[in-house]
Structures are given as C-alpha cells and as structure tokens.
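Chemist: Have a look at this one before I ask anything.
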Amino acid sequence: MKRKRVAVLFGGRSSEYDVSLETATAFMAHIDRAAFEVVPVWVERGSGAWNIVPDGVPVERVGEWLETASRIRVVLSPDRFTRGLVMLGGRRPLRTVQIDAALPLLHGRNGEDGTVQGAFELAGIPVVGCGAECSALCMDKRLAHVVAGAAGVPAPRSVLVRKREFECAGAPDGAASVGFPCFVKPVRSGSSIGISLVERTSELEAALELAFERDDEALVEERVDGSEVGVAVLERREELVCGEPDEIELAGGFFDFHEKYSLETSSIHVPARIPAPDRERVQELARRVFRALGCRGFARVDFFRAADGRLLFNEANTIPGFTAHSRFPMMMAAAGWTFGRAVNEILAEGVRR
C-alpha cells in the first residue's frame, strides 16, 4: 500500500510557538514511516511564512536546523486541482508537493482557531483532527459554553465584557455579579494566556485590560470551589475512546501558562483521584461535549469538579499539547495506549476521512 503523505505544520505566530515545536518534535518521532510520509512545515514566528524542513534533517535536530537553515519557502495552493504546497524557488520553475492530508500542530491563535483548517478545506485537503468550524467554535469560550449548555453540560456562570464598551464606560456593573474571587479571561486565547484571578472589585479593571490585549471580548467567570479534571478523547471510526481522567492539584493561584509548563506549585494526577462513578460520568460528559461541538479526531475536554460533586464544562482543546509530559498522552497511556499508538491512530483516522 502506498504511503500517505501528510504535511505536519508547527511553529506559528501565536505566543505558544515554543510549545508547538515540542509537540511536533514528539509527534513526528512516533509516526509510522511505513504508513505515512511526513512533510514537516515550519511556520515562522514573525512573518508567518511557511517553510519545508528537508527530509535529511533528523526530527531531534529540527530546532538546530531552524537557527541555521536557508529557507525553503512554500505556499498552499487554494485550488482543488493542485491539492498541495507550491515551492517558491526563485528563478527555478515552481514545483508542487502534493499531500494527502494536513496535520496542524499550531497551538493558539492562527492555528487552533480554524484559520489554517479552513485554508486546507478550501484546497480540498483533509485535515487531521478538528475542522474549521469546530476549531473556531472551541476557541470561543463563550460560544463553546452555550453549545455545551444546550447539550446538557453546564458551564460556570459568566458575564461577557466587550472592549469597546469597556473603553467608553469601564467595567459594567454586572461584571461583578459572579462574585469574588473570579476569573477574567480573553474569549479567544489558548494555554491560559491573558487570564487573571481577581480577588476584589479594585482588581477587575486591570484584569480586563490584560485580557483585552489578547482579544476584544472577555469573560468574567465565577471561580468554582473544587478541582480541575480533564479527559483525552480519541475518535476511532465511529467510537470515542477516552483516556483516564486526570486531576490538577494546585497549591495556590491557578493553572496559568507558566504553571502548565513548569508545574512549580501544582501536580497532575493520572488517574484522577475521584470515585469510579465520577470517573465514568466525566468521560460520558466529555464524549457528549466532543459530539456537540463537532470535534473530530482528537481533543482534550476540561471540566471543573465542584466541591459538591457538580461537573462544569471549562473548555475543549482541539490541538492539545503532545509532548512526553503533556496531559493528553499521559491520560491515554493510563488507559493502555502507547504514545505511538495514539499518534498513528489519529493520523489513520484523519486519512480515512
């Protein structure tokens, strides 16, 4: 059987550039090269230009290559006849690299928000993982909460604040109605960037200003007294396979960007330290949210588990971190899935579609 050629995109212009490099390096190291031919595509941090990484560069040396290499620029052809990347070769004639599928491993804005997925869908190239509509929906915390709520999975109470209204009149009176402490979050941002834990009314305006650096809409959301739990969901044909739920234990503050990648004052427990009925319940709700939001391939669905046992939907991550220490592969490993098995099942599912 002929190998399927998959373009793997990494890097990108978001603040999660470095995490994307780690995810792509770990992911590509486990791809079955007998089944898939990999075309690594580095998206530059500054310009957003796309570059093919040569086949002769070992995966573990991609970072070193990025610092010294001459660029091999490519663009995605938008028409459905080319179905691939066009190499920009200076005086040489344009050359085309046809691909069977694309795997964006671009965390955050300009990668996880449906923009790249939409470009590949326009070009008639299958996307491994969530598509454009679902990715955009999951990136928008407010809309994701609305859809999950319609599916019977409630979210924490929140108030939407728009930047233009804030600049004219300050924080609206209703913003404090969720109570304190509360979270202030950009509506569309990843890895807890731009989020503040607000203890009192006097801190609200500064937290909103920080959130508006990332987006023109922000949520003022109640802080749930309890813990955070997550579920890795992997689609295999029509079946949704769940990893073992994990649990985040915090010594203080909240699970922000720094804490996610340093674990200085927190621990991640896999499996989560919850009773068996709660474990089954959170997996069932994760499947329900996955379907309601239109997710495909794989995603990580996160919840708050309140002190009284209630489960409240937090967010769905359509391109979760995929390094050796990331939550998604750890949850799948606890359910008996090796890193390599998860990677190649995700690719096989995307190609099947």
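Chemist: Would you rank 130, 168 by solvent-accessible area, highest first, keeping every protein chain in place and using a 1.4 Å probe?
Modeler: Descending accessible area places them as 168, 130.
Chemist: Roll a 1.4 angstrom probe over the protein heavy atoms and tell me the percent of accessible area of the stretch 1-115 that is carbon or sulfur. Before the final figure, lay out each step's value.
Modeler: On the way: 2950 of 5880 Å².
For the stretch 1-115, the apolar C and S fraction of the accessible surface comes to 50 percent.
Chemist: Right, next: Given the options 315, 112, 67, state which has the largest fluctuation in a GNM of the chain using a 10 Å cut-off (strictly under) for Cα springs.
Modeler: Largest GNM mean-square fluctuation: 67.
Chemist: Give me the distance between the Cα centres of the stretch 183-213 and the stretch 128-161, rounded to whole Å.
Modeler: 18 Å
Chemist: Provide, for the chain, the number of lysine pairs with alpha carbons under 20 Å apart, each pair being eight or more places apart or on different chains. Could the numbers behind the result be given before it?
Modeler: Numbers: 141/163; 141/185; 141/260; 163/185; 185/260.
Lysine pairs meeting both conditions in the chain amount to 5.
Chemist: What distance in nm separates the simple spin-label points at residue 162 and residue 206, each placed 7 Å from Cα in the Cβ direction?
Modeler: Label at residue 162, label at residue 206, 2.8 nm between them.
Chemist: Any idea how far apart residue 94 and residue 173 come out in nm if each label point goes 7 Å out from Cα toward Cβ?
Modeler: 5.9 nm
Chemist: Percent relative contact order of the stretch 56-213, based on C-alpha pairs within less than 8 angstrom and at least six residues apart? Kindly include the intermediate steps, with their values, before the conclusion.
Modeler: Numbers: 205 pairs, mean separation 22.1, N = 158.
About 14 percent, as a whole number.
Chemist: Grab the beta carbon distance between residue 122 and residue 344, set R0 = 30 Å, and tell me the FRET efficiency rounded to 0.05. Don't skip to the answer; put the middle values down first.
Modeler: Details: r = 27 Å, r/R0 = 0.91.
Taking R0 as 30 Å, the efficiency between residue 122 and residue 344 is 0.65.
Chemist: Now, a different point. Can you give me the accessible area per residue for the stretch 1-66, using a 1.4 Å probe, in Å²? Walk me through the numbers before you get to the answer.
Modeler: On the way: 2990 Å² over 66 residues.
Roughly 45 Å² per residue, with all protein chains present.
Chemist: Here is a further query. Testing the spin-label approximation: label points 7 Å from Cα along Cα→Cβ at residue 70 and residue 150. State their distance in nm.
Modeler: Between residue 70 and residue 150, the simple spin-label model gives 5.4 nm.
Chemist: Let me make sure I get this right: for the stretch 179-240, a, b and c are the square roots of the gyration tensor eigenvalues over alpha carbons, sorted descending. Under 1.5 in a/c it's rounded, otherwise prolate if a/b > b/c, else oblate. Which is it? Display every interim value, and only then the final one.
Modeler: Working: a/c = 3.85, a/b = 1.85, b/c = 2.09.
Oblate, because a/c is 1.5 or more while a/b does not exceed b/c.
Chemist: Out of 311, 347, 331, whose Cα points farthest toward the positive end of the dipole of the chain (charges: +1 Lys, Arg; -1 Asp, Glu; placed on Cβ)?
Modeler: 347
Chemist: Mind checking the per residue accessible area of the stretch 270-321 for me, 1.4 Å probe, whole number of Å²? All intermediate terms of the calculation are to be shown ahead of the outcome.
Modeler: Numbers: 1990 Å² over 52 residues.
Here the residues of the stretch 270-321 average 38 Å² of exposed surface.
Chemist: Determine the sum of side-chain charges near residue 236: Lys and Arg each +1, Asp and Glu each -1, restricted to other residues whose C-beta is under 9 angstrom from that of residue 236.
Modeler: Here the charged neighbours net out to -4.
Chemist: For the stretch 148-208, which whole percent of the accessible surface, found with a 1.4 angstrom probe, sits on carbon and sulfur atoms?
Modeler: Heavy-atom surface of the stretch 148-208 belonging to carbon and sulfur, 1.4 Å probe: 49 percent.
Chemist: Taking K and R as +1 and D and E as -1, what net charge do the other residues with C-beta under 11 Å from the C-beta of residue 181 add up to? Before the final figure, lay out the partial values.
Modeler: Details: positive: 200, 223; negative: 199, 203, 221, 222, 225.
So the environment of residue 181 carries a net charge of -3.
The values are calculated or read from the model by the stated rules, or taken from the named source; none is laboratory data. Owing to the predicted nature of the structure, the values given are computational and were not obtained by experimental measurement. Note: ideal-geometry Cβ built from the backbone for every residue, glycine included; neighbour counts use all protein chains shown. To get the accessible areas, we keep the full protein, side chains included, count just its heavy atoms, and leave off ligands, DNA and RNA. Shrake-Rupley method; radii C 1.70, N 1.55, O 1.52, S 1.80 Å.
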